[in-house]
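Note sheet for the following structure.
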Amino acid sequence: MNINVIGAGYVGLVTASCFAHSGHKVKCYDIDQHKIELLKKGKTSIYEPQLESLLKENLENNRLSFSDNLQEVSIFSNIFFICVGTPPRGSGEANLLALYKSVFSISENTKNAFFIIKSTVPPGTCEELSAMIDSSKNISISMCPEFLREGSAVKDFLKPDRIVIGKNPNISEDLFLTIFSPFIRENKSIIFMDTLSAELTKYASNSFLATKISFMNELSIYADLKGADIEKVRMGIGLDKRIGFEYLYPGLGFGGSCFPKDIRALIDNANDANLDLKLLKSVIAINDNQVDIFTKKITGYFESDDLSGLTIAIWGVSFKPNTDDIRFAPSIKLIKNLLSKGAVVKAYDPKALNNLRETIQHKNLSFCQNAFDAAKDSNSLIIATEWKEFFNIDFEELKTILKNAVIFDGRNIYDPDLLARKGFDYFCIGRPNRKNNISEYSKSLNVVK
């Protein structure tokens, strides 16, 4: 089957490459000519495991091609998966300008077509678009939300937990069953519903997962104050099958291109319907406060809000491992907090340094090519992202190159007792800290704003 994918960003490129991998012939369109030329050569600026090899494989097999010519794309197929960005406006409202522009531009060049929206959009968007397109064009608009996790997006697409289709009642399910048949042989979970419900399903999914994270982070504050171990609590509740372990890790908070954006968009959309989503507002507030609480651990250790004269190493910049995405990453706010307090910051990340360079320019911020270069001569080390390469490091060597053997672990990846035995002062999230090999609690820390 011939399929068009509109938008060669993160979602669009994964969608196009995976459709081509499954045997479909795919043409991917984007208005960015430079990006299209790079993709034609098998190169992408996006880091995602398996994506570049999949891209090259399908280019070589002539199942995947790229174009910046909309008429060429319209001739190729009458099936359009629309994967353009819907970034947040200042109020949190989803910016649908690129989506509307894409839909109307394509509709001018085609008829008797199927538009399938994969972009995350507020409930009611598909109905609004359908009402605005000339009915004589016979264009059908459906919703197929994406549930891709950065760092495992290719795997998620090829072996999905479920496929959600919001469709017009007049459209046969056979079209979607044919398109997605390669992905549902083992798991038959393809769910058909109306477009409004499909749009809301995406927002509901991301909001619920973010709520689990904020729930654990708020409990971690209480655990800090009382001297409980949040990791033991996590194990105690995670083994309950009704709860599970997914998204139950305390840390510096959630980030990325989806959770912060989607929750704020849902809150804004609900406000338009005169509904105050108090729970989700709390989820955002807890998340926004988490880095500030962690910053207080650092200033509390050094007994000053002025960090001038101190050099602090940060391991991990991306909002999660296995991606170079730093959008809304907690590390960005943390770095800005430290710089504003006068610290010199040395940052290392396996994939995201180039994005950090484009985001923050500061005379006291340097970019290091490996973890130990960042740690060398630093007064402390911060773990901001749980990349696997940080888990089993040589602590003896690390201790010799740090000026002060102190670690602030924003992802709870180390064993506090082990670090204490190695001679480190160790501060983490929701667990007793270790200072001079003595457990300390944060009872004196004012963490409530």
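Under a point spin-label approximation (7 Å from Cα along Cα-to-Cβ), what is the Glu72-Ser91 distance to one decimal in nm?
The modelled label-to-label distance comes out at 4.0 nm.
Near the amide H of Ser142, under 5 Å away, which other amide H atoms are found, from residues 5 or more places off or on another chain, if H is placed in the peptide plane?
For Ser142, the qualifying residues are Phe115, Ile116, Ile117.
Where in region 200-232 is the amide nitrogen less than 14 Å from a point lying 7 Å along the Cα-to-Cβ axis of Arg421?
none
Using the crude model of +1 on Lys and Arg Cβ and -1 on Asp and Glu Cβ, and no other charge, please compute the dipole size for the chain relative to its Cα centre, in debye to 20.
Values: 54 positive and 54 negative charges, 97 e Å.
For the chain, the charge dipole is close to 460 debye.
Using each residue's phi in region 421-436, evaluate 6.51 cos²θ - 1.76 cosθ + 1.60 at θ = phi - 60° and report the 3J(HN,Hα) Karplus result to the nearest Hz, with x for Gly and Pro.
Going residue by residue, I get 5, 7, x, 9, 7, 9, 10, 9, 10, x, 10, x, 6, 10, 9, 6 Hz, with x marking Gly and Pro.
Measuring from label point to label point, each 7 Å out along Cα→Cβ, what is the Thr400 to Ile184 span in nm?
Computed distance between label sites Thr400 and Ile184 equals 6.0 nm.
Among the lysines, select those whose C-alpha is under 20 Å from the C-alpha of Lys56, and discard any that sit fewer than 8 residues away in the same chain.
Output for Lys56: Lys25, Lys27, Lys35, Lys40, Lys41, Lys43, Lys155.
For the chain, what does -39500 (n - 2.57) per DSSP helix run (n ≥ 4), summed and divided by total residues, give at 222 nm, in deg cm²/dmol to the nearest 500?
Details: 17 runs with 186 residues, N = 449.
That calculation yields -12500 deg cm²/dmol at 222 nm.
Grab the beta carbon distance between Lys226 and Phe391, set R0 = 30 Å, and tell me the FRET efficiency rounded to 0.05.
On the way: r = 28 Å, r/R0 = 0.93.
Result of the calculation: an efficiency of 0.60.
Please list, in order along region 104-118, the HN-Hα scalar couplings obtained from phi with the Karplus expression 6.51 cos²θ - 1.76 cosθ + 1.60 (θ = phi - 60°), rounded to whole Hz, x for Gly and Pro.
Computed from phi, the couplings for region 104-118 are 6, 5, 5, 5, 6, 10, 8, 8, 6, 10, 10, 9, 10, 7, 9 Hz.
Given H placed on each backbone N at 1.01 Å, which residues far from Phe66 in sequence or on other chains put an amide H within less than 5 Å of it?
Cys28
Please pull out the direction-averaged projected area of region 231-440, using the convex hull of its alpha-carbon atoms, in nm² to one decimal place.
Over every viewing direction, the Cα hull of region 231-440 projects on average to 13.0 nm².
With a cap of 13 neighbouring Cβ atoms within 10 Å, and only residues DSSP puts in a loop, list the chymotrypsin sites (Phe, Trp or Tyr not before Pro) found in region 218-324. Walk me through the intermediate numbers first.
Working: sites: Tyr222, Phe245, Tyr247, Phe254, Phe294, Tyr301, Phe302, Trp315, Phe319; in loops: Phe245, Tyr247, Phe254, Phe302, Phe319.
Loop-located and lightly packed - Phe245.
R0 = 35 Å: FRET efficiency of Lys56 with Ser105, Cβ-based, nearest 0.05?
FRET efficiency, Lys56 to Ser105: 0.75.
Among Phe294, Ser105, Ala270, whose Cα projects farthest towards the positive end of the dipole of the chain, with charges put on the beta-carbon of Lys, Arg (+1) and Asp, Glu (-1)?
Looking along the dipole axis, the top candidate is Phe294.
Can you tell me the length gained on complete extension of the stretch Ser205 to Ser282, counting 0.36 nm per residue apart and subtracting the Cα distance?
In short, 26.0 nm is gained.
Could you point to the residue in Cys83, Cys28, Ser45 farthest towards the positive end of region 5-87's charge dipole, with +1 and -1 charges on the Cβ of Lys/Arg and Asp/Glu respectively?
Of the listed residues, the answer is Cys28.
Please give the peptides 37-45, 153-161, 258-266 ranked by average Cβ packing (other Cβ atoms within 10 Å per residue), highest first, as a rough proxy for protection.
258-266, 153-161, 37-45
Cα to Cα, under 20 Å, and not fewer than 8 places away if on the same chain: which lysines meet these conditions relative to Lys297?
Here the lysines satisfying the reach criterion relative to Lys297 are Lys226, Lys333, Lys336, Lys341, Lys346, Lys403, Lys435, Lys443, Lys449.
What aspartates and glutamates sit close enough to Lys376 to cross-link, taking a C-alpha to C-alpha distance under 18 Å and skipping anything fewer than 8 places away on the same chain?
Asp349, Glu389, Asp394, Glu396, Glu397, Asp409, Asp425
For region 2-193, what D do you get in µm² per second when you plug the Kirkwood radius from alpha-carbon pairs into Stokes-Einstein at 10 °C and 1.306 mPa s?
Answer, rounded: 94 µm²/s.
Give me the mean projected area, in nm² to one decimal, of the convex hull enclosing the Cα positions of the chain.
The orientation-averaged projected area of the Cα hull of the chain comes to 22.7 nm².
Suppose a student asked you for the relative contact order of the chain, using Cα pairs under 8 Å spaced at least 6 residues apart; what percent would you report?
12 percent
Roughly what would the spin-label model give for Asp306 and Asp373, points 7 Å off Cα along C-beta, in nm?
Computed distance between label sites Asp306 and Asp373 equals 3.3 nm.
Here, each number is a calculation from the coordinates, and none is a lab measurement. Predicted, not measured: the structure shown is a model, and the values here were computed from it. Note: ideal-geometry Cβ built from the backbone for every residue, glycine included; neighbour counts use all protein chains shown.
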